[in-house]
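The values are calculated or read from the model by the stated rules, or taken from the named source; none is laboratory data. What you see is a predicted model, and the numbers here were worked out from it, not measured in a lab. FYI the Cβ positions are ideal-geometry reconstructions off the backbone, even for glycines, and counts take in every protein chain you see.
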């Protein structure tokens, strides 16, 4: 005996999402049937709209309804600094800090020889093009603190520095509020290396 | 700065699903944007269809496209046995065993004083009505092995037994393939109590 077709199809759709296996998909599908009708209609509309109305900014690669995006067109922002991130989500995280007022550039990935991702597979060419305008003075590389993120940062630094543009990397160290006891050795090493005078 | 509206709405919809918080919802929403267009359209259609085309069987409470459901209308099944489960998903689990050929009844919940769920809040009245036909000789209570499931089983047993109908409960004991070392005390106690001659 199989599930009735409508629920089987919904389970199949849920399973296409990352991190959702057949058990979770089944649970979500059964939950969906009992949801408010309006909520389900809104959900279906939101799925279609998200893909139809959202694009990547042709300048920075951020996700946006208008092209160029609101950050690229905001002339009140510091035009001389570009912060490079792996994905559009990272822009939101940075903006939540309320302390960075420059521009962004989204790589849409990192260099990863294992996954066969080279420089031409991520958004590097458009970054180099932006740097030719002589307005940008500093590139802050904010890729993740993973081996791939570090390798990408090093690669970008070697590529950009010769053009006389300052390249910086986010500091590594202890998380604010964390215990030294629980810090891993690599983080601790970075924290000691990057110690600052008080 | 906020997310563009289409993605904010999609995140909101994902967050209405059980067990999905804002971080997972954001991850799923960004993933959705990069999905195949067909997959997203199918997903949206499946959401609408699942709610529109599925109903609960008026006899047993199982989820179905036609009413009564395929199990209730299958005359080749043993009409004298009814297996009582908490939810429609449990029917699928039982059917996967391929060894039970009787009928089902879905309670759509369990008795739970903490959640204020009494006998009138779950599908008990319709079960009692089914038992009046004199065809049903045995009711197998297959509620979960939780305190609420046990209480519901006891309640049903007291209600149904006086009518001269046999009421049974699924056996408790060690899982097949499990180590005694890792069994909890309650399971072990039930396994000893329910020991069978070899």
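Some notes on this structure:
- Reported count of residues in the range B:82-97, each being outside any helix (DSSP H, G or I) and within 23 Å of residue B:120 (Cα to Cα), is 6.
- Residue ID - nearest to residue B:31 (Cα to Cα), chosen from residues in the range A:68-89 that are more than 11 Å from every other protein chain (Cβ to nearest Cβ) and either within 16 Å of the chain's Cα centre (by Cα) or surrounded by 17 or more Cβ atoms within 10 Å (Cβ to Cβ) (or both): A:86
- Summed over the range A:37-67, residues that are more than 9 Å from chain B (Cβ to nearest Cβ) and either within 21 Å of residue A:138 (Cα to Cα) or buried (at least 19 other Cβ atoms within 10 Å of the Cβ) (or both) total 6.
- Condition broken by residue A:194, with the remaining ones in (1) in the same structural domain as residue A:104 (by the TED database); (2) over 18 Å from the mean Cα position of the chain (by Cα) satisfied: (1)
Yes/no matrix, rows are residues, columns are (1) in a helix (DSSP H, G or I); (2) surrounded by fewer than 18 Cβ atoms within 10 Å (Cβ to Cβ):
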| position | (1), (2) |
| --- | --- |
| B:99 | no, yes |
| B:105 | no, no |
| B:108 | no, yes |
| B:115 | no, yes |
| B:120 | yes, yes |
| B:127 | yes, no |
| B:130 | yes, yes |
| B:134 | no, yes |
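- Complete set of residues in the range A:6-26 that are part of a helix (DSSP H, G or I) and facing another protein chain (nearest Cβ under 7 Å): A:6, A:7, A:9, A:10, A:13, A:26
- Out of B:100, B:104, sole residue that is within 14 Å of another protein chain (Cβ to nearest Cβ), at negative phi, in contact with a helix residue (DSSP H, G or I) (Cβ under 7 Å, 6 or more places away or on another chain) and modelled with pLDDT of 95 or more: B:104
- In the range A:140-162, the residues that are surrounded by 15 or more Cβ atoms within 10 Å (Cβ to Cβ) and more than 17 Å from residue A:109 (Cα to Cα): A:159, A:160
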